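Chemist: Right, I'll just put the structure down here and ask away after.
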Amino acid sequence: MTTVRAIEIRTIGLPLVGPFRTSFGVETEKVCVVVRLVTDDAEGWGECVAGIDPGYSEEFNEGAWLVIRGFLAPALFSAGDVTVDDLDRVLGGVRGHPMAKATVIDAFLDAELRAQGRSLAEHLGADKDRVACGVSIGITPTTEQLLDQVAGYLADGYRRIKLKIEPGLDVERVSAVRAAHPDIALSVDANAAYTLDDVDVFRALDEFDLLMVEQPLHPDDLVQHAKLQRQIRTDLCLDESIRSAADAEAAIELGACRIVNIKQGRVGGVPEARRIHDVARAAGVPVWCGGMLETGIGRATNLALAALPGFTLPGDTSASARYFTDDITEPFVVDPDGTMKVPTGPGIGVVPRPERLKATTLRLETLTP
Ligand code: OSB
Ligand code: MG
C-alpha cells in the first residue's frame, strides 16, 4: 500500500536534433510535463506525452498541467493508502484526459515498484531483455532528404522504417523509398490526414508491400476504417483511435485494423496499455510500441512494455540520439543489430540526471495534500 505525500509537477523543454513534421504540425522542440511523485518509501517518475498544441489529440501541455494539478493530484492525496490497482477508481471522477492520467499512474507505479525493488519489465511479465527498434521519419522538404535519412537510419541498424505521409506527399515518396530499398520493412503513418474519398491513394500504396498503413482516417471513424480495410490489401494499424482496451476491442471486432500501435502514454498509462496488449493477443492481433518523441523517462516505460510477448513488430523505440543531443536521463542506445536493452533496475530503471533536469525545467510546482 502506498500513500502519496507530494507531487512535483514540471514542464521541461529541450531541442530536437531536427524538426519533426507530421500531417498535423511541426515540432522543433520537445516540451512536456514530467511528474515526480513522492511516497513514504520511494519516488516515481512519469512523463506526459501531450504536446504544445492539441494537434495529435485533444490533450495539450497546459491542459494536462491543469488536470493534474486541479483534479488528479487532489484525488490521489485524498485516496490515502492505495495500490496501483485502485487508481482507475481513484481517478475515475475525471473523464477522459488519458495522457494526464498516464503521467500520474505511471509515476505511482514506478514509485510502488522502486519500493519493492522490482523492475517494470519484471512486474509486467516481459519475456525479452531486448526489443527490436524501428524509426519514424517526419515529412521532409524533399524526396532526396528523405532518402538520405532512410539510408542513415538503416546504417544505424533500425529494423523498420516508418514514413510520415500527408495528401500530396504519399505515393511518390513511398515509391522512391521502396525503389531504393526493395526489401526493408516499411510502413506509413498518416496521422488521420485522409478520408474515405482518398481510397485511390491507399490502393496505390498497396503496390509497395508495406507492413501497414497507420491511422489513415479521423480517430473517431472506426466504421470508416473498417470500410477502407475491406478495400485494400495492406494491413491497417490504429494509433489515435485506440484510447482504451474497450476501443481496441471495438476496432478489432469491427475489422477497423489488423495491427494496434500501443502507446501507454496515450491510453492512460501502463496498466491500460497492458490490457490492450491482452485484448489484441487474445484476438491474434499483433501490437507494437509507439512513441511520442519521449525523453528517457517515457522511453524507459515504453521499453518495459515493448518486452511483452504480444509486441511482435519493431516499435518506434528509437535511440535517444535520434531525438536529442542530450537527453534528461542517460541516453538509450540502439545497437548495430537494431535492438535496444530493456532497463532492469527497480521501477522504470532510470531517473533524470539532476543537472539536466534543472537545465531543462521551464516551470515547477510542488503539490502537497
Ligand atoms: O503518430 O506515431 C505517431 C510522434 C509524435 C506524435 C505522433 C506520432 C509520432 C511518431 C514518432 O511517429 C514516434 C517516436 O519516434 O517517438
Ligand atoms: Mg502514429
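Chemist: Considering each of ASP106, ASP88 in turn, give the residue that is in contact with a Gly (Cβ under 7 Å, 6 or more places away or on another chain) and not in a strand (DSSP E or B). First the steps, then the outcome.
Modeler: Numbers: ASP88 fails: in contact with a Gly (Cβ under 7 Å, 6 or more places away or on another chain).
Unique residue meeting the criteria: ASP106.
Chemist: Still on this model: For the stretch 339-349, does any single residue satisfy the condition of being away from ligand 1 (no atom under 14 Å from the Cβ), surrounded by fewer than 24 Cβ atoms within 10 Å (Cβ to Cβ) and farther than 30 Å from ALA6 by Cβ?
Modeler: yes
One line per residue, one yes/no per condition, for (1) hydroxyl-bearing (Ser, Thr, Tyr); (2) surrounded by fewer than 20 Cβ atoms within 10 Å (Cβ to Cβ); (3) within 16 Å of ligand 1 (Cβ to nearest atom); (4) within 30 Å of VAL135 (Cβ to Cβ):
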residue	(1), (2), (3), (4)
ALA6	no, yes, no, no
ILE9	no, no, no, no
LEU16	no, yes, yes, yes
PHE24	no, yes, yes, yes
THR28	yes, yes, yes, yes
ARG36	no, no, no, yes
ASP53	no, yes, yes, yes
PHE60	no, yes, yes, yes
PRO74	no, yes, no, no
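Chemist: Among the candidates ALA245, ALA256, ALA193, which residue alone is of a type in the set (Gly, Ala, Ser) and within 14 Å of ligand 1 (Cβ to nearest atom)?
Modeler: Values: ALA245 fails: within 14 Å of ligand 1 (Cβ to nearest atom); ALA256 fails: within 14 Å of ligand 1 (Cβ to nearest atom).
Of ALA245, ALA256, ALA193, the one residue that is of a type in the set (Gly, Ala, Ser) and within 14 Å of ligand 1 (Cβ to nearest atom) is ALA193.
Chemist: Are any residues in the stretch 99-129 within 20 Å of the chain's Cα centre (by Cα), crowded, with 22+ Cβ neighbours inside 10 Å, among the charged types (D, E, K, R) and more than 18 Å from GLY291 (Cβ to Cβ), and if so, which ones?
Modeler: LYS101, ASP110
Chemist: Name the residues in the stretch 158-175 that are part of a helix (DSSP H, G or I), open to solvent by 40 Å² or more (accessible area, probe 1.4 Å) and among the basic types (Lys, Arg), would you?
Modeler: none
Chemist: Check THR312, THR360, THR317, THR301 and return the single one that is open to solvent by less than 10 Å² (accessible area, probe 1.4 Å), in contact with a strand residue (DSSP E or B) (Cβ under 8 Å, 6 or more places away or on another chain) and either closer than 21 Å to GLU214 by Cα or free of Cβ contacts under 8 Å to residues at least 12 places away in the same chain (or both). Spell out the reasoning first.
Modeler: Values: THR312 fails: open to solvent by less than 10 Å² (accessible area, probe 1.4 Å); THR360 fails: either closer than 21 Å to GLU214 by Cα or free of Cβ contacts under 8 Å to residues at least 12 places away in the same chain (or both); THR301 fails: either closer than 21 Å to GLU214 by Cα or free of Cβ contacts under 8 Å to residues at least 12 places away in the same chain (or both).
One residue alone meets the criteria, THR317.
Chemist: I would also like to ask the following. Could you check the stretch 218-296 for helices (runs of 4 or more DSSP H) lying wholly inside it with 3 or more residues that are within 30 Å of PRO352 (Cα to Cα) and either open to solvent by less than 10 Å² (accessible area, probe 1.4 Å) or in contact with a Gly (Cβ under 8 Å, 6 or more places away or on another chain) (or both)? Even if it seems obvious, please write down each step before you answer.
Modeler: Working: elements: 222-231, 245-254, 270-282.
Here the list reads 270-282.
Chemist: So which residues in the stretch 185-200 are among the β-branched types (Val, Ile, Thr) and surrounded by fewer than 18 Cβ atoms within 10 Å (Cβ to Cβ)?
Modeler: Selection gives THR195, VAL199.
Chemist: Any residue at all in the stretch 143-157 that's open to solvent by 50 Å² or more (accessible area, probe 1.4 Å), in a helix (DSSP H, G or I), charged (D, E, K, R) and closer than 26 Å to ALA100 by Cβ?
Modeler: Among the residues of the stretch 143-157, not one is open to solvent by 50 Å² or more (accessible area, probe 1.4 Å), in a helix (DSSP H, G or I), charged (D, E, K, R) and closer than 26 Å to ALA100 by Cβ, which makes the answer no.
The values are calculated or read from the model by the stated rules, or taken from the named source; none is laboratory data. Note that this is a predicted model, so its numbers are computed, not measured. Neighbour counts are summed over all protein chains in view; Cβ atoms, including those assigned to glycine, are modelled from backbone coordinates with ideal geometry. Note: areas computed on protein heavy atoms with side chains; ligands, DNA, RNA excluded. Shrake-Rupley method; radii C 1.70, N 1.55, O 1.52, S 1.80 Å.
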